[in-house]
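The values are calculated or read from the model by the stated rules, or taken from the named source; none is laboratory data. It should be emphasised that the depicted structure is a prediction, and the values quoted were computed from it without experimental measurement. Cβ sites come from the backbone with ideal geometry, for glycine too, and all protein chains shown count toward neighbours. With ligands, DNA and RNA removed, areas are computed over all heavy atoms of the protein, side chains included. Shrake-Rupley method; radii C 1.70, N 1.55, O 1.52, S 1.80 Å.
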Amino acid sequence: KKVYFVSEQNKKILETQFATKLTNAEVISNPFPLLPALKLPSFPKHNDFYTIAFVASLSANHKGHDLLFEVLSQTKWRERNLMVNLYGHGPHDNYLRQLKEYYRLDKVNFVGFSNSLDDIWSSNQAMILCSRFEGQSLALLEAMSYNRMAVVTDMGDARELIDDGVNGFIADAPTVKHIDEALERAWTMRDNWEQMGILAGKKLLDTKPADPIQTLVDKLLHLTSSLNS
């Protein structure tokens, strides 16, 4: 009766695969934390390092950790005071640890899985996600809800949420070249990350329903009612 997607991009992909227009399709939002402004953790000072969180399953074929590792292996990134904290676990944990050693990436830190978004975003000033494919990234929604700007690949609904160079940065494709370019632009504006994060939080609330779960429940109840009438 109804087909729901979490991004317009996903809907278009499926329509292409089926070679048909899904007239009963609708795009909805993945849920994200509803946080009063007073409860948001303060923006961390950079001290010796600028810190970026990579919050994702350690599945390199999906989330693209290997692409970022190759970017960071360049001399220019080795010489910069940028720390990337990896959060999560997954099937490629051992491989990614080996890849870190292969590239000799001293500024990549495996934190492991965390149940606390407050802990993650009180320790990191920005987010990065190098996905090769995506629906609607929960990690991106969470980061934006915590007023953190993000560097992401153009997957899922990234362009709906991020105004490039204003509240985050978009890599046009999941390649080393494009991720490097986006991260470079972010680095040149690193002193603006806090303000960009505030704009990211505002864009999230302007773009998505305040309570995505209740919004979907209401849609399902309405649909059920129409089927029973």
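Quick look at the values:
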quantity	calculated
Integer Hz, Karplus 6.51/-1.76/1.60 couplings in order for region 17-29, x for Gly and Pro	5, 8, 6, 7, 7, 8, 6, 9, 8, 8, 9, 10, 9
0 to 90° range, to nearest 10: angle between helix 193-207 axis and the chain longest Cα axis	10 degrees
Total formal charge among the other residues, if their Cβ is under 12 angstrom from that of residue 156, Lys/Arg +1 and Asp/Glu -1	-1
Set of lysines with alpha-carbon distance to residue 1 below 25 Å, sequence-local pairs under 8 removed	11, 12, 21, 208, 219
Probe 1.4 Å - accessible area at residue 99, Å² to nearest ten	20 Å²
Degrees, to the nearest 10: 176-188 long Cα axis against longest axis of the chain	80 degrees
Relative contact order (percent, whole number), region 1-118, Cα cutoff 8 Å, 6+ residue spacing	23 percent
For region 163-226 versus region 80-124, the gap between their alpha-carbon centres in whole angstrom	22 Å
Where 8, 142 fall by accessible area, highest first, once all protein chains stay in place (1.4 Å)	8, 142
CD proxy at 222 nm, helix term only [per DSSP H run n ≥ 4: -39500 (n - 2.57); per residue of the chain; nearest 500]	-12500 deg cm²/dmol
Cα gyration tensor category, rounded, prolate or oblate, for region 63-128 with a/c compared to 1.5	oblate
Accessible-area order (highest first, 1.4 angstrom probe) of the listed residues 43, 49, 54	49, 43, 54
Net charge over other residues, Cβ less than 15 angstrom from the Cβ of residue 27 (K, R count +1; D, E count -1)	+1
Exposure of residue 48 as accessible area (Å², to 10), given a probe of 1.4 Å and all protein chains	120 Å²
Exposure rank, largest accessible area first [108, 6; 1.4 Å]	6, 108
Gyration tensor (alpha-carbon) shape descriptor, region 25-74, a/c threshold 1.5	oblate
Percentage relative contact order, the chain, counting C-alpha pairs under 8 Å, at least six apart	22 percent
